[in-house]
Structure formats: structure tokens, C-alpha cells
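Peer 1: For reference, the structure I am asking about is given below.
The values are calculated or read from the model by the stated rules, or taken from the named source; none is laboratory data. Every value quoted in this text rests on a predicted model; they were computed, and no experiment measured them. Cβ: placed from backbone, ideal geometry, glycine included. Neighbour counts: every protein chain shown.
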Amino acid sequence: MTDARFESGAPAYAAYLQTVEGRLRLDIAWENFLSAIDEASAAQSTFSKPETNAGASERARTEVAGRDNARDARHDGAPDAIRAKGGARDVKHDGVRDVKRALDLGGGTGALALRFAALGWHSSIVDPSASMLALAADAARAETFAARVTFHRSAAETAHQLFAPRTFDAATCHNVLEYVSDPRACVRSLAALLKPGAVVSLVARNRAGEAMRAALKSHDLDEAEHALTAGHVNESLYGGPARLYDAGTLQELATDAGLHVLAARGVRVVADYLPASLSDTADAYARLLSFERTLGARPEFAAVARYTQIIARKEQVAATA
């Protein structure tokens, strides 16, 4: 049902998410996504606007910036702020609570799903690896979020068979498309599960970033040249092939699935090439995180980032006469 490398590699992946590189990959993409959700809320009233919405995510962003490295060496590096019990994004319509639902497709050890749960959402993790899901369940129990998180073992391409159509208000699919057998089917499966107006985040390994890292970090020009044209590269954490993307390719996958692209961002533009001293304290990490988000929002820098992020919205259903 799943690639064996993701069963045996689950502990290594959890450990990676506690490194500076892993934390930045999570935090940059997460904050970009929160910003998009807040903007969609303000523009479309898809989400509630008071403290239950924008205030919660802004508080999460502020507290993330002030955290200490040692304190978040637990639970996949999830920031303390988004482990807080407040900030639920629930709203009430005619006295009935409307709980927002998030899908973490290929969610692995549950880092993103737990962040949604900490904001009061109900989260569903879909992943083909039993080992990954076991770690996610342990983390949910440790944070007392178990009641807000459900776990589903399935390939990403067939996730649409697990839920009713138009179930979720938001979704993430981070660093999954590199490994699935059919990326187009994966994104279409995800899109089918989104409510109209829902916001989705796709993150995948960037071709240009792969070439840059091979040249600047590994000093391997052969590998750098290979990355310029190769469909896949060898992945160092799990071993085996990982597919390469660029912003245009990801955008095509999104639009083909009926998603309207809102933004393209770069994730980890310069961090991989900097000394540890620039991220070894809470203030240093916060400054690097802020700088990375600034760079990643500029197309000329995003083009060479380690990862590409596409944020899109499920198209609204056209009204019939």
C-alpha cells in the first residue's frame, strides 16, 4: 500500500522536522498559508473574521517569531503558539456551531494537521504509511488534540474515496507530489474534497533550487547539471527517486484540477547556505524566518528556492439561471 522507505524512514522524517531546515520548511509554508486564509476570509467571508480567524493566525505568527529552539524540539517542531488551546476558527450560524475542517493530504507525522487542530479546526490526515500515522497519533495524544484529528491510511490519489465531496474548508499537500505515482490524480482527488472557496497549499521540490543546492552546498556540478533536466533526483532522507517541479508545473496541476491560483511562493531561498549562527537563538531564527518569507514572496528569489509553494482556491460553483 505504501513505499517501504516511508515506513522505515518515519523516525528520520520526524527528526528532520526538528532541524532548522525542517522547521523553516514547515513554518514558512504554514505562515504563507495562514496569510492566504485570512485574505480569503476578508475578501469572500469564507471564514469568520473576528479573533476566531485573523486574530488567531496573527497571534500564531507573532509567537512563532519569538520561540526558542530548545523549546520546540518536540512534536515535529510545531510552534508553541499553535499548540495553544485558544484561537478556534469556529463560527456560529443561527446558534449552530460550524466547525472548520482541514485535510492534510500525505500528512506524514501530522505536523500541519496538529497546527490546524491547535486553532480549533477538525483535521484529517491521509497518508499511506502506518508508521507515519502512528507518530501522528502519538503527537496528537501528547497535545490533547486527539479528539480533533482523524487518521486515514490511503494513497493520496484515492483520498477522494474516503470522504464526501466538498468536505473541507482548507487543505495542505506538502512534499507529497514528489513521490506519488500520479501527481495529476493526486491534486484532482484533493480538489474534489474541497468546498467552493476553500484554500489549498501545494509544496514540492523545486528544480532550480535542487541545482543550486547541489552546486553551492555539495559542490557537485555533475549533480547540479543533472537537476537542470532530470525528471527525478535521488532523495537523501528516504533514499530513492523524488520528482522535480517548478512554479509553472505546479500551477498547471492546480488549474487542471479546477483550482484558481492565488500566489506562488518560494520556501527556503538562502537558509540552506547560511551558518548555524544565523538561526541558533529565538531572535535569530525569527529574523531568518521573516527574511525568508520576504525573499520567497519575490519571484526572482522564489525561482531558486529549495521548494515551490502554490496557494490556490477552489472555484466557486457558478449560479444557474
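Peer 1: Output the number of residues of region 298-309 satisfying the condition of being loosely packed, with under 15 Cβ neighbours inside 10 Å and in a helix (DSSP H, G or I).
Peer 2: Residues in region 298-309 being loosely packed, with under 15 Cβ neighbours inside 10 Å and in a helix (DSSP H, G or I): 2 in total.
Peer 1: Right, another one. For residues that are of a type in the set (Gly, Ala, Ser), surrounded by fewer than 15 Cβ atoms within 10 Å (Cβ to Cβ) and closer than 28 Å to residue 35 by Cα, tally how many sit in region 229-256.
Peer 2: Here the count works out to 1.
Peer 1: Moving on. Would you list the helices (runs of 4 or more DSSP H) that sit entirely within region 1-76 and hold 1 or more residues that are closer than 17 Å to residue 106 by Cα and either modelled with pLDDT of 90 or more or not small (Gly, Ala, Ser) (or both)?
Peer 2: Correct list: 4-8, 10-16, 20-44.
Peer 1: Moving on to the next point. Could you list all residues from region 257-291 that are surrounded by 20 or more Cβ atoms within 10 Å (Cβ to Cβ) and closer than 17 Å to residue 36 by Cα?
Peer 2: Matches in region 257-291: 259, 264, 265, 266, 267.
Peer 1: Among the candidates 149, 99, which residue alone is at negative phi and surrounded by 23 or more Cβ atoms within 10 Å (Cβ to Cβ)?
Peer 2: 149
Peer 1: Moving to a separate point now. Can you go through 130, 191, 170 and tell me which one is surrounded by fewer than 21 Cβ atoms within 10 Å (Cβ to Cβ), touching a strand residue (DSSP E or B) at 6+ places or on another chain (Cβ under 9 Å), modelled with pLDDT of 95 or more and more than 30 Å from residue 225 (Cα to Cα)?
Peer 2: 130
Peer 1: Being among the aliphatic types (A, V, I, L, M), free of Cβ contacts under 8 Å to residues at least 24 places away in the same chain, part of a helix (DSSP H, G or I) and touching a Phe, Trp or Tyr at 6+ places or on another chain (Cβ under 9 Å) is the requirement here; does residue 133 meet it?
Peer 2: Yes: the conditions hold for residue 133.
Peer 1: Within region 153-179, track down each residue that is in a strand (DSSP E or B) and over 22 Å from residue 25 (Cβ atoms).
Peer 2: Listed by number, the residues that qualify are 153, 168, 169.
Peer 1: Another question, then. Restricting attention to region 235-248, does a residue exist that is modelled with pLDDT of 95 or more, in contact with a Leu (Cβ under 6 Å, 6 or more places away or on another chain) and aromatic (Phe, Trp, Tyr)?
Peer 2: Looking for residues that are modelled with pLDDT of 95 or more, in contact with a Leu (Cβ under 6 Å, 6 or more places away or on another chain) and aromatic (Phe, Trp, Tyr), one finds none in region 235-248, hence no.
Peer 1: Output yes when any residue across region 142-157 is among the hydrophobic types (A, V, I, L, M, F, W, C), touching a strand residue (DSSP E or B) at 6+ places or on another chain (Cβ under 7 Å) and at pLDDT below 95, and no when none is.
Peer 2: The answer is yes; a qualifying residue exists.
Peer 1: Consider residue 205 carefully, then state whether it is touching a Gly at 6+ places or on another chain (Cβ under 7 Å) and closer than 28 Å to residue 20 by Cα.
Peer 2: Criteria not met by residue 205.
Peer 1: Within the bounds of region 279-288, is there any residue that is over 19 Å from the mean Cα position of the chain (by Cα) and of a type in the set (Val, Ile, Thr)?
Peer 2: Yes - at least one qualifying residue is present in region 279-288.
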